[in-house]
Amino acid sequence: MHGGGPMEFLKGKRLVVFGCGYVGGALARAAAAAGATVEALTRNPATAAALEADGVGRVLVADLATDAWHGRVAPGPEFLVNCVSSGGGGIEGYRHSYLEGQRSILAWAERGGVPVGTFVYTSSTSVYAQDHGARVDEASPAEGGTPNGRVIRESELLLQAAAAACRRWFILRLAGIYGPGRHHLLDQLRSGAGELGGDGAHRLNLAHRDDIVAAIVRCLGAPGAVGNEVFNVADSGPATREEVVRWLAGRLGRPVPGFSGAATARRGGLPVPDRVIRNEKLQRTLGWRPAYPDFRSGFAAILGG
Ligand SMILES: NC(=O)c1ccc[n+]([C@@H]2O[C@H](COP(=O)([O-])OP(=O)(O)OC[C@H]3O[C@@H](n4cnc5c(N)ncnc54)[C@H](OP(=O)(O)O)[C@@H]3O)[C@@H](O)[C@H]2O)c1
């Protein structure tokens, strides 16, 4: 994680974080450490207690999709980040957390009378349906590759249409998140899996948690002339799943498992598409550079730590 420097502009400013899981929790902690006045919302009392213990000033326990919290968060924060993810519950869970959650935030913001300054929404590359080696940038069609992806796309559109809610918005379409404490392939290898689901020849598009937090911070602190933009957030070195697994197996001194070719359960039974998620727009527009430009650098840090 970066030191205070890149987050200096947050000092003394209000930041509201909705959904304090892996990414939102890291953002809330880093911003609080940098001197921001952070308000966070989670459904989970244990998460709330942990955030408060780590210096996040005010944590509300509520379901984002309801209006129960509307009267408890003052309108018009300079900065707002919606990092909510459904955490299961099938398509209904997705609609509840992503779509109804977004609707609830926008209704709160519009009713408050004072628009949010900068609104960042962490979306997903699952809004893209592209496969078969396609190179995908922000101008590519985003029609949703899965039912879940289509719900997330709907949540993006809600924000894009809500002119009165905020002065500017940014949508970050995140690739597969990994980092400390979140490394599914590594866990599978460590548990001695002899065969992995899916197709080893398909490319993995990854984004390290710290690079995602840095991208969010770049958006929050973007120059005034920049706004209402969509950015992909992925590292610069997409690799096939087989390459990643071979490298990890080598590092762990384990045999290299094969791939079954069958769809894995992780995407609702749908195969991981094969494409390259391009990150140049974020680099060009906001000067973001991944600290972990490929899986090797990210996993080396995880394994070394
Ligand atoms: N995981 C990936 O690889 C991936 C890939 C692309 C994009 N993304 C996107 O990246 C963002 C961050 O993902 P993440 O991995 O940090 O997610 P995460 O760890 O699952 O955290 C999501 C948080 O949202 C909270 N939440 C869910 N529904 C809620 C509700 N109705 N009301 C209040 N809180 C609610 C959860 O809290 P509870 O404790 O209450 O459940 C959880 O703390 C998400 O927008 C996700 O869609 C993720």
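The values are calculated or read from the model by the stated rules, or taken from the named source; none is laboratory data. Only a predicted model underlies this, so the values are computations on that prediction, with no experimental measurement involved. Here the Cβ positions follow ideal geometry from the backbone for every residue, glycine too, while neighbour counts run over all protein chains shown.
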Q.
Looking at S85, S97, S155 in this structure, which one is within 17 Å of the chain's Cα centre (by Cα), crowded, with 18+ Cβ neighbours inside 10 Å and assigned to a loop (DSSP other than H, G, I, E, B)?
A. S85
Q: Determine, yes or no, whether G71 is within 15 Å of the ligand (Cβ to nearest atom), outside any strand (DSSP E or B) and either surrounded by fewer than 17 Cβ atoms within 10 Å (Cβ to Cβ) or among the basic types (K, R) (or both).
A: no
(Q) Condition check: part of a strand (DSSP E or B) and touching a Leu at 6+ places or on another chain (Cβ under 6 Å). Does L80 satisfy that? (A) no
Q) Which is out of contact with any strand residue (DSSP E or B) (no Cβ under 8 Å at 6 or more places or on another chain), hydrophobic (A, V, I, L, M, F, W, C) and under 30 Å from G304 (Cβ atoms), of L157, L174, L186? A) L186
**Q.** Every residue from the range 158-175 that is more than 14 Å from the ligand (Cβ to nearest atom) and outside any helix (DSSP H, G or I)
**A.** A162, A163, A164, A165, C166, R167, R168, W169
**Q.** Which listed residue is within 17 Å of N232 (Cβ to Cβ) and either within 11 Å of the ligand (Cβ to nearest atom) or surrounded by fewer than 21 Cβ atoms within 10 Å (Cβ to Cβ) (or both), from D131, D187
**A.** D131
Q. Any idea which residue in the range 125-147 is nearest to G200 (Cα to Cα), counting only those that are touching a Lys or Arg at 6+ places or on another chain (Cβ under 7 Å) and outside any loop (DSSP other than H, G, I, E, B)?
A. A134
Q: Can you tell me which residue among T122, T118 is polar (S, T, N, Q), outside any helix (DSSP H, G or I), more than 16 Å from the ligand (Cβ to nearest atom) and touching a residue at least 40 places away in the same chain (Cβ under 8 Å)?
A: T118
Q) If you take the residues of the range 1-55 that are touching a residue at least 60 places away in the same chain (Cβ under 8 Å), away from the ligand (no atom under 12 Å from the Cβ) and not aliphatic (A, V, I, L, M), which of them is nearest to W108 (Cα to Cα)? A) R14
Q) Based on what the data block shows, is A49 outside any loop (DSSP other than H, G, I, E, B), at pLDDT 95 or above and within 21 Å of the chain's Cα centre (by Cα)? A) no
Q: Would you point out which residue out of R111, R150 is more than 15 Å from the ligand (Cβ to nearest atom) and either touching a helix residue (DSSP H, G or I) at 6+ places or on another chain (Cβ under 9 Å) or in a strand (DSSP E or B) (or both)?
A: R111
(Q) Only one of G224, G179, G200 is surrounded by fewer than 20 Cβ atoms within 10 Å (Cβ to Cβ) and touching a residue at least 12 places away in the same chain (Cβ under 8 Å). Can you tell me which? (A) G200
Q.
Looking for something surrounded by 18 or more Cβ atoms within 10 Å (Cβ to Cβ), touching a Phe, Trp or Tyr at 6+ places or on another chain (Cβ under 8 Å) and not aliphatic (A, V, I, L, M) - is there at least one such residue anywhere in the range 29-41?
A. no
